[in-house]
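Below: the structure, in structure tokens.
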Amino acid sequence: MFARINSLGVYALNGFSVSVEADISGGLPQFTIVGLPDSAVREATDRVRSALKNLGFSYPVSRVTVNLAPAHVRKTGPVYDLPIFLALLCACGQAPMAAPGMAFLGELSLDGGVRSVTGVLPMALAAVQQGVRHLFVPAENAAEAAAAGALCVYPVHTALDAVRHLTGEAPIEPAQPAAFAPGGPRDVPDFADVRGQLEARRAMEIAAAGGHNILLIGAPGTGKSMLAKRLPGILPPLSRTEAVETTKVYSVAGMLPRGSGLVSHRPFRAPHHSVSAAGLVGGGSTPRPGEVSLAHNGVLFLDELPEFSRSSMETLRQPLEDGVVTVSRVNGTVSFPCKFMLVAAMNPCPCGYYGHPTRPCTCSEAAVARYLGRVSGPLLDRIDLHIEVPPVDFRDLSNTAKEESSASIKVRVDAARDIQNKRFANTGITCNAQIPPEMLHEVCRTAPAADALLKNAFEKFGLSARAYDRVLKVSRTIADLDNSRDIEARHAAEAVRYRTLDRKYWTR
């Protein structure tokens, strides 16, 4: 007796179809799973056996062989429990065969309940491509699967529900896909709480408007972390395409809240400086997304940047440039998306007070040079804005007048992003920071005075070609905030000012 049930699997962020085949034959009782299963898949034998008995079905006292095809692709996780359960029932005649357009996935508890699994959205998107029209998933994953569209998603609470649906005894009501709505205001601190720091606030606004990377340098207590933690409050809302991309990453990582659909807010990730290189960019024997991918379409905040290991910092160079991180393993190569804004904060020296107007620095010149040298030139070159955050003046701290709120800043940021959305319509580019080299001079048109200023800055400061391109992109963002068609001299001058700080600290 033979039966086949359709299921799905996921590797990295890519879903693929899996055919679960069950064969019951004569011989000594034995339950074997083949098809390159991992430990979690092999343990399905005990979960399925207990679920069958506890739901009142008879377990076949025969030789049972389950094959997960294609056999050359490794199968991971407990996602195949439900299809194995149904394949056994169909093979021994206790349930009707499922239609070819149906697919099943889910983990079983010993009493037959269906538990949530990870990676459902990538699998649902793969199901659409494979022609599956009816997808049965754990109830807690139904909203996530329904976001794929073009599918009838059936929330399954217990394995018995799936059997009753197949027999027609109690059809399951399909889950209704929720209309995507970007998240409203986030419960994050407000820029109105930041006293003074007008230049740093302006730089954060420019970074948010153009999706630029930013480095904040200053003594302890000047407000670097305060500024970074308020950045999500002025970022534009996610588009549906961005939400699907971000949700796929969080789904595979198992970080989606139960019962949730698409991610509705831009992520903000702030890993500790002890994070490993693999934890930052992803990896493992079965590759999993790292912090840079969890920050996709959002913000990666690295506080105390020089305290991160050199290897961890250097792994950021390729992701910052390409927006994709590639992880190579013996079994294959996978890519994770990582278009994120890097916000880094650091002190100018180990004690933190180098260049402080009132507190003396206790570090030697060699100690300061070693500390700053932990941040390499190539990494600095990939950061668009370098901002010095000075100590806050007492008059600013004691001033009772309200500072500008995040809501007011966000209005200007959204207006600048609207300009960029129209400019880059149907190109896949979402902000000025992502302008490719071939589009740079077409998009960043400069007035003659701005062109002369940029030429002078390039020669005077010895900018690299990459630094020049990034100055041009920041100039374009400043012009967008000013609602200017061309880049004027004042826009270019402000952008150049944000690229000179490395000459103060890193030319020692």
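The values are calculated or read from the model by the stated rules, or taken from the named source; none is laboratory data. Worth saying up front: this structure is predicted, and the values here are computed from it rather than measured. Neighbour counts run over all protein chains shown; Cβ positions are idealised from the backbone, glycine included. What goes into the accessible areas is simple: the full protein's heavy atoms, side chains included, and nothing from ligands, DNA or RNA. Shrake-Rupley method; radii C 1.70, N 1.55, O 1.52, S 1.80 Å.
For segment 111-224, what is the relative contact order in percent, using Cα pairs closer than 8 Å and at least 6 residues apart in sequence?
Contact order relative to length: 19 percent.
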>> I'd like to know which of PHE301, PRO174, VAL10 lies farthest towards the positive end of the charge dipole of the chain, counting +1 on Cβ of Lys and Arg and -1 on Cβ of Asp and Glu.
In response: PHE301
> If you count, for each residue, the other Cβ atoms within 10 Å and average over each peptide, how do 21-32, 67-78, 96-107 line up from highest to lowest?
Replying inline: 96-107, 67-78, 21-32
> Which pairs break 30 Å Cα to Cα here: LYS53/LYS75; LYS422/LYS460; LYS229/LYS460; LYS224/LYS410; LYS473/LYS504?
Replying inline: LYS422/LYS460; LYS229/LYS460
> Got a number for the accessible area of PHE57? Probe 1.4 Å, square angstrom, nearest 10.
Replying inline: 40 Å²
> With each run of n ≥ 4 DSSP H residues scored as -39500 (n - 2.57), what mean residue ellipticity at 222 nm is computed for the chain after dividing by its residue count and rounding to the nearest 500 deg cm²/dmol?
Replying inline: -10500 deg cm²/dmol
> Which trypsin sites (Lys or Arg not before Pro) in segment 416-489 pass both tests, a DSSP loop state and at most 16 other beta-carbon atoms within 10 Å?
Replying inline: ARG445, ARG485
> So what are the ³J(HN,Hα) numbers for segment 76-81, from phi and the Karplus equation (6.51, -1.76, 1.60; θ = phi - 60°), rounded to whole Hz, Gly and Pro as x?
Replying inline: 10, x, x, 5, 8, 4
> Can you give the angle from 0 to 90° between the axis of helix 120-129 and the longest principal axis of the chain, with both taken from C-alpha atoms, to the nearest 10?
Replying inline: 70 degrees
>> What is the percent carbon and sulfur in the accessible area of the chain, measuring with a 1.4 Å probe over the protein chains and ignoring ligands?
In response: 52 percent
>> Show me, for segment 212-217, the HN-Hα J-couplings you get by feeding each phi into the Karplus relation (A = 6.51, B = -1.76, C = 1.60, θ = phi - 60°), rounded to Hz, glycine and proline as x.
In response: 8, 7, 9, 10, 10, 10
>> Suppose accessible area is computed on protein heavy atoms with a 1.4 Å probe; arrange ARG240, ARG499 from highest to lowest.
In response: ARG240, ARG499
> Between ALA415 and ALA69, what length in nm is gained on full extension when 0.36 nm per residue of separation is reduced by their alpha carbon distance?
Replying inline: 119.5 nm
>> Give me the dipole magnitude in Debye, nearest 20, for segment 279-404 about the Cα centre, with unit charges on the beta carbon: positive for Lys and Arg, negative for Asp and Glu.
In response: 440 debye
> Just the accessible area for VAL411, please: 1.4 Å probe, Å², rounded to the nearest 10?
Replying inline: 100 Å²
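Heavy atoms only, 1.4 Å probe, whole protein assembly: order ASP384, ASP38 by accessible area, highest first.
Result, largest first: ASP38, ASP384.
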> When only C-alpha pairs under 8 Å and at least 6 residues apart count, what is the relative contact order of the chain, in percent?
Replying inline: 13 percent
> Rank SER335, SER62, SER376 by accessible area, highest first, at a 1.4 Å probe radius?
Replying inline: SER335, SER62, SER376
>> Suppose we keep just the DSSP beta bridges with both residues in the chain; what percent of those would be antiparallel, to 5?
In response: 50 percent
>> So, R0 is 41 Å and r is the distance between the beta-carbons of VAL128 and ARG164; what FRET efficiency does that work out to, to 0.05?
In response: 0.95
> Which value, in debye to the nearest 20, gives the size of the charge dipole of segment 411-495 about its Cα centre, when Lys and Arg are +1 and Asp and Glu are -1 at the Cβ?
Replying inline: 100 debye
>> Once you keep just the Cα pairs under 8 angstrom separated by 6 or more residues, what percentage relative contact order results for segment 310-429?
In response: 18 percent
>> Compute the helix-to-body angle for 240-253: its Cα long axis versus the longest principal axis of the chain, expressed 0 to 90° and rounded to tens.
In response: 70 degrees
> So how tilted is helix 198-210 from the main axis of the chain? Cα-based, degrees 0 to 90, rounded to 10.
Replying inline: 40 degrees
> HN-Hα J couplings of segment 412-423 from phi, Karplus 6.51/-1.76/1.60, θ = phi - 60°, integer Hz, Gly and Pro as x?
Replying inline: 5, 4, 4, 5, 5, 5, 4, 4, 5, 4, 5, 5
